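Encoded as structure tokens, the structure appears first; notes follow it.
The values are calculated or read from the model by the stated rules, or taken from the named source; none is laboratory data. The structure displayed is predicted, hence computed values, not measured ones. All Cβ positions, even for glycine, are placed from backbone atoms using ideal geometry, and neighbour counts span all protein chains on display.
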Amino acid sequence: MKALLCMAYGPIDTLRLGDAPDPTAAPGEVVIAVRACGLNFPDALIVQGLYQTKPPLPFSPGAEFAGTILQTGAGVTAYKPGDAVIAFAGHGGLAERCAVDTRRVMPLPAGMSFEQGAAFMLTYGTAIHALQDVAQLQPGETLAVLGAGGGVGLAAVDIARAMGARVIAAASSKAKLQLAQAHGADVLLDYASGDLRQGLLALTDGQGADVVLDPVGGAYAEAALRATAWRGRYLVVGFAAGDIPRIPLNLALLKERQILGVYWGEAVQRNPKQHAGNVRQLLQGFTAGSLRPEITEQVTLDQAAQAIARLSRRETMGKIVVRIGRSGDAGA
Ligand SMILES: NC(=O)c1ccc[n+]([C@@H]2O[C@H](COP(=O)([O-])OP(=O)(O)OC[C@H]3O[C@@H](n4cnc5c(N)ncnc54)[C@H](OP(=O)(O)O)[C@@H]3O)[C@@H](O)[C@H]2O)c1
């Protein structure tokens, strides 16, 4: 099969499109004919050896994807060949086929395309977990979303609006902010051209935001934390800017602020019941039209490495989806 291959941990431009053996389904697994793979920031990290998990080499990146089942392993009863599914395998989706443990698979909901299925669950799952389970965001509270034009950022804007919060979208360009506005952000803040802390304070009558969702980190983290309200909650979601911030803890003391970590993948494993409830809510929102992944680009497998590189350079918005499909495979 054709696959985007990481032969050694290193720069993204060392990824190569190549041939890999067709996978077979071990007990408890299914083989999926991949139709679409959504790109996420962790794809850029995992190939450089900078992510929490380090798959054995060689491997294909591609954490979430959608396709149809080709083969089922021993003991699999929930799925059959031809079923359309979404998978969160962590890696392996940037290939024509992928073997996945069924615990990381769910049916593709009715009315959702393969492309939407490949671009929905990781970012929306992270955002709903962060805002609902971790921050317990309340209707009428003010949420500031950093990196609001990115995958997790836009999902957070959608979900916070659905939860009845006032949303301040913060991002580095007019185009990213316009996208966040189209998803319902109430107020926009360009942190490339102005001071983030002062901007957030000005937009909250000097009180600060009740909750900050931060998938960016770097220098923005401390500025945003300093602009949270009394008992504000600051959600540590990711470090797309590269640097892991070091925060003076007096900032927590001074306003009884809470600094809260978010680790969606681990939370899904530890609390599958909560995750199932979140998935139900997300699908209701999708069906109602209030939650829609913003697919800004669709590319082919041979363009995927370049797309990951652009994502890592801050040059993309919303979600990029890689369209895959081997002629002869079900549905391709
Ligand atoms: N904790 C969890 O469970 C969890 C789950 C999923 C993802 N994440 C993390 O969340 C973060 C966002 O993921 P994503 O898929 O939404 O990424 P994304 O679509 O690329 O969005 C990241 C945003 O970060 C901002 N950014 C600032 N400096 C950047 C830089 N030097 N390079 C790249 N982006 C930069 C960009 O917005 P501006 O240009 O507007 O600043 C960009 O839109 C990543 O760190 C990812 O690892 C965490």
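If I filter segment 254-278 down to residues being of a type outside the set (Asp, Glu) and more than 15 Å from the ligand (Cβ to nearest atom), which single residue comes out as surrounded by the most Cβ atoms within 10 Å (Cβ to Cβ)? Steps first, please.
Taking segment 254-278 first, the residues of a type outside the set (Asp, Glu) are 254-255, 257-265, 267-278.
Next, from what is left, pick out any that are more than 15 Å from the ligand (Cβ to nearest atom): 254-255, 257-258, 272-273, 276-277.
On the way: 254: 11, 255: 15, 257: 21, 258: 15, 272: 11, 273: 7, 276: 12, 277: 14.
Filtering segment 254-278 for residues that are of a type outside the set (Asp, Glu) and more than 15 Å from the ligand (Cβ to nearest atom), the one surrounded by the most Cβ atoms within 10 Å (Cβ to Cβ) comes out as 257.
Filtering segment 262-290 down to residues that are in contact (Cβ under 8 Å) with a residue 60 or more places away in the chain and among the small types (Gly, Ala, Ser), which residue is nearest to residue 216 (Cα to Cα)?
265
So that you can scan it fast, the table gives a plain yes or no per residue for (1) more than 19 Å from residue 129 (Cα to Cα); (2) touching a strand residue (DSSP E or B) at 6+ places or on another chain (Cβ under 8 Å):
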site: 219; (1), (2): yes, no
site: 222; (1), (2): yes, no
site: 233; (1), (2): no, yes
site: 239; (1), (2): no, no
site: 245; (1), (2): yes, no
site: 274; (1), (2): no, no
site: 292; (1), (2): no, no
site: 297; (1), (2): yes, yes
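Any residue in segment 240-253 that is away from the ligand (no atom under 15 Å from the Cβ), in contact with a helix residue (DSSP H, G or I) (Cβ under 7 Å, 6 or more places away or on another chain) and outside the structural domain of residue 203 (by TED's automatic domain parsing)?
Looking through segment 240-253, none of the residues is away from the ligand (no atom under 15 Å from the Cβ), in contact with a helix residue (DSSP H, G or I) (Cβ under 7 Å, 6 or more places away or on another chain) and outside the structural domain of residue 203 (by TED's automatic domain parsing).
Can residue 86 be described as under 20 Å from residue 110 (Cα atoms), in the same structural domain as residue 312 (by TED's automatic domain parsing) and either outside any strand (DSSP E or B) or within 16 Å of the ligand (Cβ to nearest atom) (or both)?
Here the answer is yes, as residue 86 does meet what is asked.
Within segment 199-228, count every residue that is assigned to a helix (DSSP H, G or I), over 14 Å from residue 169 (Cβ atoms) and either among the hydroxyl-bearing types (Ser, Thr, Tyr) or free of Cβ contacts under 8 Å to residues at least 12 places away in the same chain (or both).
Total meeting the criteria: 1.
Against the definition (away from the ligand (no atom under 16 Å from the Cβ) and among the hydroxyl-bearing types (Ser, Thr, Tyr)), how does residue 124 come out, yes or no?
On the way: away from the ligand (no atom under 16 Å from the Cβ): no; among the hydroxyl-bearing types (Ser, Thr, Tyr): yes.
Against the criterion (away from the ligand (no atom under 16 Å from the Cβ) and among the hydroxyl-bearing types (Ser, Thr, Tyr)), residue 124 does not qualify.
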